[in-house]
1. In region 52-107, which residue that is in contact (Cβ under 8 Å) with a residue 60 or more places away in the chain and of a type in the set (Asp, Glu) is farthest from residue 206 (Cα to Cα)?
2. For residues that are aromatic (Phe, Trp, Tyr) and open to solvent by less than 50 Å² (accessible area, probe 1.4 Å), scanning just region 23-55, find the one that is farthest from residue 105 (Cα to Cα).
3. Would you say residue 173 is closer than 18 Å to residue 92 by Cβ, in contact with a Leu (Cβ under 9 Å, 6 or more places away or on another chain) and surrounded by 14 or more Cβ atoms within 10 Å (Cβ to Cβ)?
4. Here is a list: 17, 48, 6. Which entry is assigned by TED's automatic domain parsing to the domain that holds residue 208 and of a type in the set (Phe, Trp, Tyr)?
5. Of everything in region 122-136, what is within 13 Å of the ligand (Cβ to nearest atom), loosely packed, with under 14 Cβ neighbours inside 10 Å and not in a loop (DSSP other than H, G, I, E, B)? Give them in sequence order.
6. Being at pLDDT below 95 and either surrounded by 12 or more Cβ atoms within 10 Å (Cβ to Cβ) or among the hydroxyl-bearing types (Ser, Thr, Tyr) (or both) narrows it down to one residue among 109, 150; which is it?
Amino acid sequence: MAQDDYGRGAPLSYNRYLRVRELIALQECLSTPPHHDELLFIITHQTYELWFKQILHEIDASIAYMDEMRVVPATRALERVVEIEKLLLAQLHILETMTPFNFLEFRDRLKPASGFQSMQFREIEFVSGLKDEGLLASFGDDELAVTRLRARLGAPTLGEAFFALLKRRGFDAPEDDPTLPPEERRGRYERRVRALVELLSHHERFAPEFHLAEKLIEHDEYFQLWRAHHVRMVERMVGTKRGTGGSEGVRYLRTTLDQKFIPELWEARTHLELGHGEPD
Ligand code: HEM
């Protein structure tokens, strides 16, 4: 659209700056005549994708700050991620105002598309630590998605940036190396867990790093809460029907619930004990 469509020669306006005209033209219902609830369905998913874009922006910034050893801005970027995730969780309730019957009235039109193919959702998973090359197959010849996901597969994760930072701060937190034998990788994993026990035990002495670790586990926690709420909502909406993407629906989604971005952060809690090390 030419700039002039917002008013020839007019000064910058709210609508021109935010491209509102284009934005509100992006909701194309597939049902004919358009089903009343399909607009809600599209807007809900589109707002998710906008927030996913912001989440990736903040996670990338957080990793860059960690590389520069700037713990405070790295933590603040993740704080924003977590606040967005709280909103994304609450947003599911709006979709739950749709009745199962009303959803059925346009659901078949969506096949074989599915949230399973959300490129940015997979990018968040990959950069947060859950890389899975096998998922690229679900994007077929979607070149943009495959290119972006390949780039994420080859880039450092939040956990890698975090442990590299701890290492440079003097903690015994060796990086993972998939080329090593399994027992050596396990040994390194356990050393990272012990480094976190140290951090949690001395949370006042290492306050900035501790706050960063807390935001990382909160990001993990809110993502898991979203998965749990999503699967409940799906069951409430379509029971155990197969997904529009062809998976086993709720049965498949249940298998994703226990995935953790940085398992060391969770395991450290199990090993934390009173009287560990010197008091702060
Ligand atoms: C009526 C509402 C919804 C229903 C019934 C629903 C249903 C499903 C089902 C059955 C799957 C499994 C894959 C498949 O075979 O299709 C799935 C996956 C997924 N959905 Fe939804 N969904 C809904 C809303 C949403 C919303 C609002 C989002 C936000 C982006 C979303 C994002 C996802 C994602 C990211 C996956 C992949 C999860 C994974 O593989 O771990 N869904 N959904």
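1. Checked region 52-107; the qualifying residue farthest from residue 206 (Cα to Cα) is 105.
2. So in region 23-55, the residues aromatic (Phe, Trp, Tyr) come out as 41, 48, 51-52.
Now narrow it down to the ones that are open to solvent by less than 50 Å² (accessible area, probe 1.4 Å): 41, 48, 52.
On the way: 41: 12, 48: 23, 52: 28 Å.
Top of the filtered list is 52.
3. Working: closer than 18 Å to residue 92 by Cβ: no; in contact with a Leu (Cβ under 9 Å, 6 or more places away or on another chain): yes; surrounded by 14 or more Cβ atoms within 10 Å (Cβ to Cβ): yes.
Taking the combined requirement at face value, the residue does not satisfy it.
4. On the way: 17 fails: assigned by TED's automatic domain parsing to the domain that holds residue 208; 6 fails: assigned by TED's automatic domain parsing to the domain that holds residue 208.
Result: 48 is the single residue among 17, 48, 6 that is assigned by TED's automatic domain parsing to the domain that holds residue 208 and of a type in the set (Phe, Trp, Tyr).
5. From region 122-136, those within 13 Å of the ligand (Cβ to nearest atom) are 122-126, 128, 130, 132, 134-135; that's our starting set.
Then keep just the ones that are loosely packed, with under 14 Cβ neighbours inside 10 Å; that gives 132, 134.
Of everything in region 122-136, just one residue is within 13 Å of the ligand (Cβ to nearest atom), loosely packed, with under 14 Cβ neighbours inside 10 Å and not in a loop (DSSP other than H, G, I, E, B), namely 134.
6. Values: 150 fails: at pLDDT below 95.
Only one candidate passes the filter, namely 109.
The values are calculated or read from the model by the stated rules, or taken from the named source; none is laboratory data. If you're wondering where the values come from, they're calculated on a predicted model, not measured in any experiment. No Cβ is skipped: glycine too gets one built from the backbone with ideal geometry, and neighbour counts run over all protein chains shown. What goes into the accessible areas is simple: the full protein's heavy atoms, side chains included, and nothing from ligands, DNA or RNA. Shrake-Rupley method; radii C 1.70, N 1.55, O 1.52, S 1.80 Å.
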